[in-house]
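What follows is a set of notes on a single structure, which appears directly below.
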Amino acid sequence: MTNEENVTITQTAPDGTETVIEITQTKPEAQSDADGGSLVEEVIDALFDDGGDDTDLADDLAEQDEILTEASDVPAGIETETETADTLFSDTAADQPELIIPVDYDAGTEQVPFTASSDVYSPVDAGVYGTADTVGSAAAAEEAAAEASEAQAHADAAGEAQRSADEFVEAGDYAAAAEARGSAEDEAFAAADNSVLHGSDSTDLDNAAYQQENADFYEARQAEHAAAGDYEAAKEDAINAGYAQGDADFQAGGADHTGQAAAEENQMDWAVWEQNNAESFQQSADQYAAEGDLENAEMYAADAAEHQEMADYHGDLGEHGGDMAVYDPSSEVASGGSFDAPDAADYSAVDTSATDYSTE
């Protein structure tokens, strides 16, 4: 005669899911039917009871719960799954179910593990995963590297433009130097780095170019006055040309290019002195001639001619651009140069055009 009692309970949920619970009890030797029935019978009575004393039912259910939750007391063959609220709703990452989120990127669709410690995932590279913090840091680092590369490209372009400005200043082409320096300043501003800039700025170089134009103007007038024999006016023109060129050199920080104007001024000074002597001797000759002293008149007239000849000689030497003009090589300057502003992209080591930081 067996001491085991079996009961099978089937429960159908509203969604149609069936739960089957099998309970097997081994009746102790000392227990008999006279003791009030088995626990299985009491459970069945409790489940289908429509009234009566609830005190015994509560006690019996408590005893059943204690039996079923103790693993050592659960007979073999009974399948139970009992989890407390602590285990069901544990907030640790290890207890959470793994959620797979598909993420599209160039290599295709990857399955990215999601855990409780992260909010958003974006693969840094194929097969490499990280938390939102690490991925965000990588994106920030990449963006910072791109910004640094762009700044360096502008700094390199500024350096190239500054070197061109230096070359134009050395050649005396202050207009082209101003253009190059302006580009250097723009690129340095874009790079937020003025360390590559030195010497005169674009404003000073623009003023220097303007003064060079003034020097050219006075030199042209000097040539006209010298050719006409107006050596006094030619001398003033040479002086003004020297002043303008000197101011240009000072503002540009270039070499001294006033030697030619100084040489022409010197020749015009001699021309003026000789011309004054010629005029003086001619006045004496005229006076002697008026008195009838033709001998002295002829002598002074000859001296006047000699001084005028010397005046013209110095006038020819001092005539700017003339066939006999003096020449000072230190005053030679270039003109008409131009500067092609470099593109900062040509200096960039990193192409950021394909970088997409969108969340789409």
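The values are calculated or read from the model by the stated rules, or taken from the named source; none is laboratory data. Only a predicted model underlies this, so the values are computations on that prediction, with no experimental measurement involved. Cβ: placed from backbone, ideal geometry, glycine included. Neighbour counts: every protein chain shown. SASA here: full protein model, heavy atoms, side chains in, ligands and nucleic acids out. Shrake-Rupley method; radii C 1.70, N 1.55, O 1.52, S 1.80 Å.
Taking the stretch 228-245 on its own, how many of its residues are open to solvent by 40 Å² or more (accessible area, probe 1.4 Å) and among the polar types (S, T, N, Q)?
Qualifying residue count, the stretch 228-245: 1.
List every residue pair whose Cβ atoms lie under 6 Å apart, where the two residues are 6 or more positions apart in sequence or sit on different chains, the first residue falls within the stretch 145-165 and is part of a helix (DSSP H, G or I), and the second residue, located anywhere, is polar (S, T, N, Q) and open to solvent by 40 Å² or more (accessible area, probe 1.4 Å).
Here the result reads Ala146/Thr352; Ser149/Ser348; Ala153/Ser348, each pair linking the stretch 145-165 to a residue that is polar (S, T, N, Q) and open to solvent by 40 Å² or more (accessible area, probe 1.4 Å).
State all residues of the stretch 249-277 that are outside any helix (DSSP H, G or I) and open to solvent by less than 50 Å² (accessible area, probe 1.4 Å); if no residue qualifies, say none. Can you show your working first?
Quick first cut of the stretch 249-277, residues outside any helix (DSSP H, G or I) only: 253-258.
Gly254, His257, Thr258, listed by residue number.
Residue by residue, here is whether (1) under 41 Å from the mean Cα position of the chain (by Cα); (2) touching a residue at least 24 places away in the same chain (Cβ under 8 Å); (3) in a helix (DSSP H, G or I); (4) surrounded by fewer than 17 Cβ atoms within 10 Å (Cβ to Cβ) holds:
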{"site": "Phe168", "(1), (2), (3), (4)": "yes, yes, yes, no"}
{"site": "Ala177", "(1), (2), (3), (4)": "yes, yes, yes, no"}
{"site": "Arg181", "(1), (2), (3), (4)": "yes, yes, yes, no"}
{"site": "Ala184", "(1), (2), (3), (4)": "yes, yes, yes, no"}
{"site": "Val196", "(1), (2), (3), (4)": "yes, yes, no, no"}
{"site": "Asp204", "(1), (2), (3), (4)": "yes, yes, yes, no"}
{"site": "Ala215", "(1), (2), (3), (4)": "no, yes, yes, no"}
{"site": "Ala226", "(1), (2), (3), (4)": "no, yes, yes, no"}
{"site": "Asp247", "(1), (2), (3), (4)": "yes, yes, yes, no"}
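Give the residues of the stretch 182-210 that are within 13 Å of Gly253 (Cα to Cα) and of a type outside the set (A, V, I, L, M), sorted by residue number.
Of the residues in the stretch 182-210, the ones within 13 Å of Gly253 (Cα to Cα) are 198-209.
Within the stretch 182-210, His198, Gly199, Ser200, Asp201, Ser202, Thr203, Asp204, Asp206, Asn207 qualify.
Quickly run through the stretch 322-353 and pick out the residues that are acidic (Asp, Glu), at pLDDT 90 or above and under 42 Å from the mean Cα position of the chain (by Cα). So that I can check it myself, show each step before the final result.
Start the filter on the stretch 322-353 by keeping residues that are acidic (Asp, Glu), which leaves 323, 328, 332, 340, 343, 346, 351.
Subset that is at pLDDT 90 or above: 323, 328, 332.
Result: Glu332, single match.
Within the set of pairs 6+ apart or on separate chains, which have a first residue in the stretch 283-295 that is open to solvent by 90 Å² or more (accessible area, probe 1.4 Å), a second that is part of a helix (DSSP H, G or I) and among the aliphatic types (A, V, I, L, M), and C-beta atoms under 6 Å apart?
Every condition considered, no pair remains.
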